[in-house]
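The values are calculated or read from the model by the stated rules, or taken from the named source; none is laboratory data. No experiment lies behind these values; they were computed from the predicted model shown. In this analysis, Cβ positions are derived from the backbone assuming ideal geometry, glycine residues included, and neighbour counts consider all displayed protein chains.
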Amino acid sequence: MGLDTDTVRRLREGMARGVLSFPLTSFRADGSLDPDGFRAHLAARLAAAPGAVFPACGTGEFFSLDEDEYRRVVRIAVEETAGRVPVVAGTGYGWAQALRFARIAEEEGADALLVLPHYLVAAPQDGLVAQLERIASGTRLPLVAYQRGQVAFTPDSLRRVAALPGVIGLKDGHSDLDRLQRLTLAAPEGFLFFNGAATAEIQARAYAAVGVPAYSSAVHAFAPEIADAFFTALTADDRGTTDKLLRDFYVPFVELRDRMPGYSVSLVKAAARLRGAPVGPVRAPLTDPAAADLAELRTLLTAGLDLVGAAL
């Protein structure tokens with residue numbers, strides 16, 4: 001791992017004071033990028049004081065953005081944050097494509113990169129390490145590796161990854177706590193870990209128990225009041241409040257989310273629209289939720305906001 005840079009310090013401080021926010025990318029009804037909508041959505045997220053923002057990542061539909069659109073999204077994120085919190089932009093696909101996005105993020109002033117899983121193929125551990133090595137050697141920005149899908153590091157591979165200049169952390173989306181505990185024990189001191197499970201609040205206590213308290217919150221994209229209430233209760237070890245929020249909001253939300261592939265993004269975007277956010281529809285291959293699911297989402301969102309004294 002590289003030196004403890006200012007970005008590492010700022011991320012560590014942000015992780016301690018708030019959730020990590022993954023803003024949605026706004027599209028118009030015809031599917032074109034809506035920069036003004038994204039700016040307004042991001043400004044509202046920043047008003048809720050997240051620990052960091054991660055534009056153009058999974059929730060932000062990185063997979064559907066071309067390079068010009070990506071540039072505009074990252075530029076707006078840097079302009080809106082104005083240095084208040086770190087901006088960690090998504091990058092991915094193969095290493096050559098990842099480096100093209102990385103260079104754009106550098107040019108636009110991002111603080112770091114989240115390296116999303118590579119496309120399609122399964123790869124051996126040596127290949128996973130080599131992928132990050134090629135990306136790290138071609139960018140000045142610090143990297144956070146994301147293990148999810150076909151990417152899963154062994155402790156030995158993580159040691160090799162953490163030794164690469166510029167690789168500062170790992171985001172985990174597998175929720176294999178046995179493996180994750182081994183990884184945290186294998187990592188060097190100061191290496192950052194993030195809970196990147198879908199609807200991470202469900203497993204936040206379990207992740208914290210193995211030394212990974214920081215987490216990304218998709219709920220922050222549409223109901224920061226709920227996300228912040230959960231984070232505050234979790235930090236204070238207020239199990240009564242966390243249990244109530246889990247039982248009456250998060251678990252039903254996950255059950256609804258799991259009904260359809262892609263709902264981990266499209267349901268979040270629909271919830272944001274229900275609250276008046278100018279985020280627009282999802283892009284293909286995702287689809288917007290069915291009418292019956294939208295009605296159920298509205299009821300659930302109203303109930304969750306009632307729990308924390310907020311309005312739809």
**Item:** Flag for Ala218 being free of Cβ contacts under 8 Å to residues at least 24 places away in the same chain and either over 28 Å from Ser32 (Cα atoms) or among the hydrophobic types (A, V, I, L, M, F, W, C) (or both)
**Value:** no
**Message:** Would you confirm whether or not segment 89-96 contains a residue that is in contact with a Gly (Cβ under 8 Å, 6 or more places away or on another chain), among the hydrophobic types (A, V, I, L, M, F, W, C) and within 29 Å of Ala16 (Cβ to Cβ)?
**Reply:** no
**Prompt:** Looking at Ala29, Ala105, Ala56, which is the one that is buried (at least 22 other Cβ atoms within 10 Å of the Cβ), in contact with a Gly (Cβ under 9 Å, 6 or more places away or on another chain) and not in a helix (DSSP H, G or I)?
**Reply:** Ala56
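Do we find that Leu65 is closer than 20 Å to Ser217 by Cα, modelled with pLDDT of 95 or more and within 19 Å of the chain's Cα centre (by Cα) in this structure?
For Leu65, the condition - closer than 20 Å to Ser217 by Cα, modelled with pLDDT of 95 or more and within 19 Å of the chain's Cα centre (by Cα) - is not met.
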**Request:** For Phe231, indicate whether it is of a type in the set (A, V, I, L, M, F, W, C) and outside any helix (DSSP H, G or I).
**Result:** no
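Here's the yes/no breakdown for (1) at pLDDT 95 or above; (2) among the aromatic types (Phe, Trp, Tyr); (3) part of a loop (DSSP other than H, G, I, E, B); (4) over 25 Å from Val19 (Cβ atoms):
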position	(1), (2), (3), (4)
Tyr146	yes, yes, no, no
Arg159	yes, no, no, yes
Pro165	no, no, yes, yes
Leu180	yes, no, no, no
Leu183	yes, no, no, no
Glu189	no, no, yes, no
Phe193	yes, yes, no, no
Ala197	no, no, yes, no
